[in-house]
1. Test each condition in (1) small (Gly, Ala, Ser); (2) at negative phi; (3) modelled with pLDDT under 90; (4) open to solvent by less than 30 Å² (accessible area, probe 1.4 Å) for Gly191 and report the one that comes out false.
2. Residues of the stretch 87-105 being among the β-branched types (Val, Ile, Thr) and within 16 Å of Thr61 (Cβ to Cβ), which ones?
3. Residues being open to solvent by less than 50 Å² (accessible area, probe 1.4 Å) and at positive phi: count how many of those fall in the stretch 208-237.
4. So Arg70 ticks every box in (1) over 18 Å from the mean Cα position of the chain (by Cα); (2) more than 17 Å from Leu21 (Cα to Cα) but one. Which box is left unticked?
5. State yes or no: is Ala174 of a type in the set (A, V, I, L, M, F, W, C), in contact with a strand residue (DSSP E or B) (Cβ under 9 Å, 6 or more places away or on another chain) and loosely packed, with under 15 Cβ neighbours inside 10 Å?
6. Cβ-Cβ below 8 Å, separation at least six or inter-chain, first residue in the stretch 131-150 and in contact (Cβ under 8 Å) with a residue 40 or more places away in the chain, second open to solvent by 70 Å² or more (accessible area, probe 1.4 Å) and of a type outside the set (A, V, I, L, M, F, W, C): which pairs?
7. Being in contact with a Lys or Arg (Cβ under 6 Å, 6 or more places away or on another chain) and within 21 Å of Ser85 (Cα to Cα), is that true of even one residue in the stretch 2-24?
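The values are calculated or read from the model by the stated rules, or taken from the named source; none is laboratory data. Because the structure is predicted, anything quoted here is derived from the model rather than measured. Heads up, the Cβs are rebuilt from the backbone with ideal geometry, glycines too, and the neighbour counts pull from every protein chain shown. When the accessible area is computed, the model is the full protein with side chains, heavy atoms only, and any ligands, DNA or RNA have been set aside. Shrake-Rupley method; radii C 1.70, N 1.55, O 1.52, S 1.80 Å.
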Amino acid sequence: MLKAIIVDDEAPARSELRFLLDEVGQVEVVAEAASVREAIEKLKEYPCDVMFLDVNMPEATGLQLAEALRHLKFPPAVVFVTAYSEHALDAFKVNAIDYLVKPVETERLAQAITRVREQVSLHMQAQKSERIPVEKGGKKILIGIDKIRFVMARDDYAYLQTDTDRYFSTVSLAQLEKRLDGHGFFRVHRGYLVNLSLVEEIESVSGGTLLLTLNGVEEKIPVSRRRVSALKKALGL
């Protein structure tokens, strides 16, 4: 069963899509959101396989949210559901799986869900296969990329933090940044790479910098002032 979040600023449109998804089956709607900001908060609380997005919403658009989702390690699939056909090209530029024009027909929605299931399957395979070699207690260990909370530089080497332990890597932070490209990691500081999908809290501090709290990590991660704007854009803030 796929888990989905519906994002549309109009409540009747959300209700209609939920009804159609129930008819098609294979999808559980775990949350709804009326704005991009609310969608980001819901995603933190309710991880999902697919987001059904409207394009035109107040403050920020569905296209902007889709662009921000691309920075996540394994972003949810995006299916646009909108009354406007002219945004289709832009939608596929942000890797949308499908673009549905309202009113949505059940058969057409079923086709989109099939495409989502195919992408989710591919992501699960990639998640299982991607691993990074590290050292702990004199032993060589392979840890999955999905287990990494953040990476911290130490001279020419690095430490990788998971939810349970910290591992040493003989590979530099710059090299690891290239290796983790496309997996949702973001360089927030010259000494830190963080997994954006695990950011839970952003705290402003003096000098225009930020401190990040990550899920499963006690220490706060600093964000350099020159990276603040790019980070907010990546998070859709």
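1. (3)
2. The answer is Val94, and nothing else.
3. Residues in the stretch 208-237 being open to solvent by less than 50 Å² (accessible area, probe 1.4 Å) and at positive phi: 2 in total.
4. Exception for Arg70: condition (1).
5. For Ala174, the condition - of a type in the set (A, V, I, L, M, F, W, C), in contact with a strand residue (DSSP E or B) (Cβ under 9 Å, 6 or more places away or on another chain) and loosely packed, with under 15 Cβ neighbours inside 10 Å - is met.
6. Ile132/Arg179; Ile145/Arg131; Arg149/Asp163
7. Within the stretch 2-24 (the criterion being in contact with a Lys or Arg (Cβ under 6 Å, 6 or more places away or on another chain) and within 21 Å of Ser85 (Cα to Cα)), the answer is yes, since at least one residue qualifies.
Yes/no matrix, rows are residues, columns are (1) in contact with an Asp or Glu (Cβ under 9 Å, 6 or more places away or on another chain); (2) surrounded by 21 or more Cβ atoms within 10 Å (Cβ to Cβ):
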residue	(1), (2)
Glu59	no, no
Leu72	no, no
Pro76	yes, yes
Phe80	yes, yes
Ser85	no, no
Val94	yes, no
Pro103	yes, no
Arg131	no, no
